[in-house]
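The values are calculated or read from the model by the stated rules, or taken from the named source; none is laboratory data. Everything quoted here is computed from the prediction, not taken from an experiment. Note: ideal-geometry Cβ built from the backbone for every residue, glycine included; neighbour counts use all protein chains shown.
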């Protein structure tokens, strides 16, 4: 407990501008989304908001596109989170092991470059990398005398993987940074003590590093899921959900329902269901963290 | 041991090269002389800055407009965020009022609200307030997403300053407002700058709100501007890559400046949860 100063209610004056702002522009709109999900809101029809009860939700659960987009979202999120965390940890461990400072800093800086590129620019860049005419990959195929068509975004079978790879390339460096910081938070005394006790490198990693990193693991996963689950920018720029519905994730589907079909009520219902799924997954993770941490 | 170290070096090299290839290819793509676009070689024959010169000075100077809009939005958002978040961070850090933790959790929860989802009521609110097609609408909504981050960064900083400093100033007859302006602000300069720069970065990268709340070509931001190099039936590849590079330059600069604080900010969030 920190010692606090008398007249604690003065605090309300300090926080009220921020709280009022967030209430009117975040809590209120969120409630409005929930409210709208029980109405038919179609601005083009000029019929106003008509109460239709659970009809939107019934429609959501009977909508094959909802299941397709949910499935794609889960694949996209699971693939991204898995590789962000594991590859990020792997890279952090590699960098941490290097003793040659110049080499270490050069490699670290190069791997970190993607962070400094605007996400939309990343999306365009990779759209071009997957493009048959502009990519450098056919160059490699030609050199190896391979006759493979390179157009990952053009085929429904590969498009989602291609988008996920882009997300992995872009965000893994962030997680490498986080892991590096997490690794440094383990106090060196524990390692020294284990060395005295005669633990070898594998044992030290297995019994000290991993358990210490567990809490970070869950936190990063949680953070990543929240950020990726409704990540709209990347998929929208790269494929707009196509070809067909192969990269249609919840975010793009909600956006299409809201701003292309102008079906605000239905989009709200879709979003509420999606938000609930996301909130459930991350609460379970936070609960696990509290239990074990 | 030597053997393991060699494997580590080789693996690091492989990953570094993997991460570097797309960037190399993007940068060289913009530096190739016109006409070399279809002849794919690993190295450009000569380096030329034509594409950049064309984007910046040619054709109606669109990119200047994009830059202006992005800068206006980012700076306004950053200022509003700091004005709202700094006193709140001080309040949360120094006073133990009823509901302190509840309000903090609420701000944390706010970070979970997906942008796509909130853009639906935002769109309606903006239409009701007759603010469609204004930069102000975009700024208002951007602040919602920078506020929590700035708040937690600043709160972490104020938490690290011992309250005894405030107390001694108060005893010496300084008012609460005086404490903030005469003591807290001067020692928080670096942190204010760091959280401001982070807000700037977030807002600069923002795409969804600009896309949804404006349709006027005059109000396009840099992130939307990148796609301008794409026509209906053609792709101006060097121009596209050069736009992407130009759009990223401010991000690169800001990131180099704040790297240290940025990581600390994220991790402080991690350790709080």
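So here's what we get for this one:
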| read-out | value |
| --- | --- |
| Some residue of the stretch B:30-45 being part of a helix (DSSP H, G or I), outside the structural domain of residue B:145 (by TED's automatic domain parsing) and at pLDDT 75 or above | yes |
| Any pair with Cβ under 9 angstrom, 6 or more apart, that starts in the stretch B:251-272 at a residue that is on the phi < 0 side of the Ramachandran plot and ends at one that is modelled with pLDDT under 70 | B:255/B:262; B:258/B:265 |
| Given (1) without any contact (Cβ under 8 Å) to a residue 40 or more places away in the chain; (2) surrounded by 23 or more Cβ atoms within 10 Å (Cβ to Cβ); (3) closer than 20 Å to residue B:76 by Cα, number of the condition residue B:129 does not satisfy | (2) |
| Residue pairs meeting the criteria (Cβ under 7 Å; at least 6 apart or on separate chains; first within 7 Å of chain A (Cβ to nearest Cβ), in the stretch B:97-126; second buried (at least 18 other Cβ atoms within 10 Å of the Cβ) and modelled with pLDDT under 85) | B:97/A:11 |
| Of the criteria (1) within 11 Å of chain A (Cβ to nearest Cβ); (2) assigned to a helix (DSSP H, G or I), which one residue B:149 fails | (1) |
| Residue within the stretch A:126-138 that is under 20 Å from the mean Cα position of the chain (by Cα), at pLDDT 90 or above and assigned to a helix (DSSP H, G or I) present | yes |
| Checking residue A:197 against (1) within 30 Å of residue A:130 (Cβ to Cβ); (2) without any contact (Cβ under 8 Å) to a residue 40 or more places away in the chain, the condition it does not meet | (1) |
| Evaluation of residue B:171 against (1) at pLDDT below 85; (2) loosely packed, with under 15 Cβ neighbours inside 10 Å (one fails), failing number | (1) |
| Matching residues in the stretch B:63-91 - criterion: being surrounded by fewer than 17 Cβ atoms within 10 Å (Cβ to Cβ), in contact (Cβ under 8 Å) with a residue 24 or more places away in the chain and more than 29 Å from residue B:186 (Cβ to Cβ) | none |
| Any chance residue B:181 is modelled with pLDDT of 85 or more and part of a helix (DSSP H, G or I) | no |
| Selection from the stretch B:191-216 of residues that are more than 14 Å from the chain's Cα centre (by Cα) and without any contact (Cβ under 8 Å) to a residue 60 or more places away in the chain | B:211 |
| Of all residues in the stretch B:235-273 being modelled with pLDDT under 75 and more than 9 Å from chain A (Cβ to nearest Cβ), the one that is surrounded by the fewest Cβ atoms within 10 Å (Cβ to Cβ) | B:260 |
| Number of the condition not met by residue A:223 [criteria: (1) under 20 Å from residue A:79 (Cα atoms); (2) away from chain B (no Cβ under 12 Å)] | (2) |
| Residue within the stretch A:150-168 that is at the interface with another protein chain (Cβ under 9 Å from one of its Cβ atoms) and part of a helix (DSSP H, G or I) present | no |
| Verdict on residue B:92 being within 12 Å of another protein chain (Cβ to nearest Cβ) and assigned to a loop (DSSP other than H, G, I, E, B) | no |
| Given (1) more than 9 Å from chain A (Cβ to nearest Cβ); (2) surrounded by fewer than 23 Cβ atoms within 10 Å (Cβ to Cβ); (3) in contact with a helix residue (DSSP H, G or I) (Cβ under 8 Å, 6 or more places away or on another chain), number of the condition residue B:166 does not satisfy | (1) |
| Positions within the stretch A:260-277 being modelled with pLDDT under 90 and at the interface with chain B (Cβ under 9 Å from one of its Cβ atoms), in sequence order | A:264 |
| Any helices (runs of 4 or more DSSP H) falling wholly within the stretch A:1-115 and containing at least 1 residues that are touching a residue at least 40 places away in the same chain (Cβ under 8 Å) and within 7 Å of another protein chain (Cβ to nearest Cβ) | A:28-36, A:64-97, A:101-112 |
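So that you can scan it fast, the table gives a plain yes or no per residue for (1) at pLDDT below 85; (2) loosely packed, with under 13 Cβ neighbours inside 10 Å; (3) under 22 Å from residue B:22 (Cβ atoms):
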{"site": "A:148", "(1), (2), (3)": "yes, yes, yes"}
{"site": "A:184", "(1), (2), (3)": "yes, yes, no"}
{"site": "A:201", "(1), (2), (3)": "yes, yes, no"}
{"site": "A:227", "(1), (2), (3)": "no, no, yes"}
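Yes/no matrix, rows are residues, columns are (1) outside any helix (DSSP H, G or I); (2) crowded, with 16+ Cβ neighbours inside 10 Å; (3) touching a residue at least 60 places away in the same chain (Cβ under 8 Å):
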| site | (1), (2), (3) |
| --- | --- |
| A:178 | no, yes, yes |
| A:218 | no, yes, yes |
| A:234 | no, yes, yes |
| A:243 | yes, no, yes |
| A:255 | no, yes, no |
| A:261 | yes, no, no |
| A:268 | no, yes, yes |
| A:284 | no, no, no |
